[in-house]
Amino acid sequence: MNMNERFEAYIASDAKIEPKDWMPDAYRKTLIRQISQHAHSEVVGMLPEGNWVTRAPSLLRKSILLAKVQDEAGHGLYLYSACETLGVSRDDLIADLHSGKAKYSSIFNYPATSWADMGTIGWLVDGAAIMNQVPLCKTSYGPYARAMVRVCKEESFHQRQGFQILLALCNGTEEQKAMAQESINRWWWPALMMFGPRDEDSQHTEESMRWRIKRFTNDELRQKFIDMTVPQAELLGLTIPDPDLKWNEERGHYDFGEINWEEFYHVIRGNGPCNKERIAARQQAHDEGAWVREAALAHSKKRAAQSSTHAA
Ligand code: 3HC
C-alpha cells in the first residue's frame with residue numbers, strides 16, 4: 001500500500017489524525033480552509049450581538065448576552081489554535097479574512113435590527129451551529145474534534161438563552177409577539193443557508209465525507225435542523241415563513257420550500273447586506289488591538305530572554 005492508500009485505510013478505521021501524522025496535502029489544505037473559516041465565523045459572529053449588549057432590556061439580559069459574545073471569542077481562539085497545528089500562521093489566516101480571500105458564515109452578513117433578533121440568533125443560528133458542530137466532535141482531525149467538544153457544551157447555553165428570550169416575547173404583549181414573528185421572518189431562510197449549498201452543488205462534501213471531516217452531508221444536517229426546529233416554533237406560537245413546510249409521513253421529515261440560492265451565492269461572494277461593514281469592523285478591531293499583541297509579544301520575549309540567562 002502507498003502512503004495515500006494507508007491514509008485512506010487509517011481514516012476508514014475511524015482513527016484520529018494528529019498534527020505530527022503524515023497526511024495528503026489536499027487533506028491538510030481542506031482542513032485549513034474549513035477550520036479557519038469556522039474560526040472567522042465565530043469572531044465575525046460576535047458583531048451582530050455585540051451591537052445589542054448596550055441595548056439589552058435588563059441587566060440580566062445584558063450579562064447573559066455578554067457571556068455569550070465572550071464565548072464566541074473563545075470559540076474563535078480554540079479554532080485558530082487548532083488550525084495553527086496544520087502549519088499555518090494566525091496572522092496569515094486573519095489577513096485572508098480581511099482581504100476577502102477567506103469566507104465566514106453567510107448568516108453574519110445580515111443586520112440584527114431588533115432585540116428579538118438576539119433571541120432568534122441564539123435559537124436559530126446557534127441551533128443550526130449545534131446541528132453542524134456536534135458531528136464535528138467526531139471529525140477525523142484530532143485537534144478540531146477536541147476543540148468542538150468544548151464549543152458544543154457552550155453552544156447549548158447559547159441556543160437555550162435565545163429560545164428563552166423568544167418565549168418571554170411570545171408570552172408578552174401583542175407588540176412583543178409581533179417583534180418575535182418579524183424576526184423569524186427575516187432569519188429563517190438565511191439560517192437554512194448556513195448548512196451550505198445543496199449536496200449536488202457542494203464542491204467539498206464528497207471528499208470531506210470520505211475523509212470523515214464531515215460526518216453528515218449539508219442536506220442531511222439541514223433536514224435534521226428543520227425537523228428539530230419546527231416543533232419548537234409551534235411551542236413558541238410562531239409561524240415559520242415557508243408556505244411549503246409540511247410534515248411528510250412517508251419520508252418521516254418535513255418537506256420545505258426552495259431556498260433562494262441566488263441570494264446565498266450573492267452573500268458568500270461578498271455582496272450581502274453587511275459584508276463590507278463586518279470586515280471593516282474586524283479590520284478596525286485588529287488595528288486598534290495591535291498594541292496589545294505587541295505588548296504581549298514583548299513580554300514573552302523578555303521572559304524568554306530572562307529564562308535563558310538563568311539557564312546559562
Ligand atoms: N457561508 C459562507 N460560505 C459557505 C457557506 C456559508 N453558509 N456554506 C458553504 N460555503 C462555502 C464553502 O466554504 C465553500 O467555499 P470555499 O471552497 O471557498 O471554502 C463553498 O461554499 C462550497 O460549499 P461546500 O459545501 O462545498 O463547502 P464545505 O464542505 O466546507 O461545507 C460548511 C460548508 C457546511 C459550512 C462546512 O465548511 C462546515 O461544516 N464548517 C464548519 C462549521 C462552520 O463553519 N459553521 C459556520 C457557523 S459557526 C457559528 O455559527 C458560530 C456560532 O457560535 C454562532
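The values are calculated or read from the model by the stated rules, or taken from the named source; none is laboratory data. Note that the structure is predicted; figures quoted are calculated from it, not measured. Cβ: placed from backbone, ideal geometry, glycine included. Neighbour counts: every protein chain shown. Accessible surface areas use protein heavy atoms only, side chains included; no ligands, DNA or RNA. Shrake-Rupley method; radii C 1.70, N 1.55, O 1.52, S 1.80 Å.
Closer than 25 Å to ARG146 by Cα, within 11 Å of the ligand (Cβ to nearest atom) and modelled with pLDDT of 95 or more: does that describe LEU93?
Taking the combined requirement at face value, the residue does not satisfy it.
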Query raised in the report: Among the numbered criteria (1) within 16 Å of the ligand (Cβ to nearest atom); (2) outside any helix (DSSP H, G or I); (3) among the acidic types (Asp, Glu), which single criterion is violated by GLU42?
Result: (2)
Query - Answer from ALA305, ALA298, ALA280 - the residue that is assigned to a helix (DSSP H, G or I), open to solvent by 40 Å² or more (accessible area, probe 1.4 Å) and at pLDDT 95 or above - result: ALA280
Query raised in the report: Could you give every pair whose Cβ atoms fall below 6 Å, whose first residue belongs to region 97-120 and is within 13 Å of ALA281 (Cβ to Cβ), and whose second residue is more than 12 Å from the ligand (Cβ to nearest atom), counting only separations of at least 6 or pairs across chains?
Result: HIS98/GLN283; ASN109/CYS274; PRO111/PRO273; PRO111/CYS274
Query raised in the report: Residue check: is VAL134 outside any helix (DSSP H, G or I) and within 15 Å of the ligand (Cβ to nearest atom)?
Result: no
Query raised in the report: Would you pick out the residues in region 181-199 that are more than 21 Å from LEU31 (Cα to Cα), open to solvent by 10 Å² or more (accessible area, probe 1.4 Å) and either near the ligand (Cβ under 6 Å from one of its atoms) or not hydrophobic (A, V, I, L, M, F, W, C) (or both)?
Result: GLN181, GLU182, ASN185, ARG186
Query raised in the report: Does MET131 meet the test of being surrounded by 17 or more Cβ atoms within 10 Å (Cβ to Cβ), free of Cβ contacts under 8 Å to residues at least 40 places away in the same chain and of a type outside the set (Ser, Thr, Tyr)?
Result: no
Report summary line: Within region 82-94, the residues that are assigned to a helix (DSSP H, G or I) and open to solvent by 50 Å² or more (accessible area, probe 1.4 Å) are GLU84, ARG90, ASP91, ASP92
Query - Enumeration of residues in region 219-263 that are open to solvent by less than 60 Å² (accessible area, probe 1.4 Å) and assigned to a loop (DSSP other than H, G, I, E, B) - result: GLY237, LEU238, ILE240, PRO241, ASP242, LEU245, GLY252, GLY257, ILE259
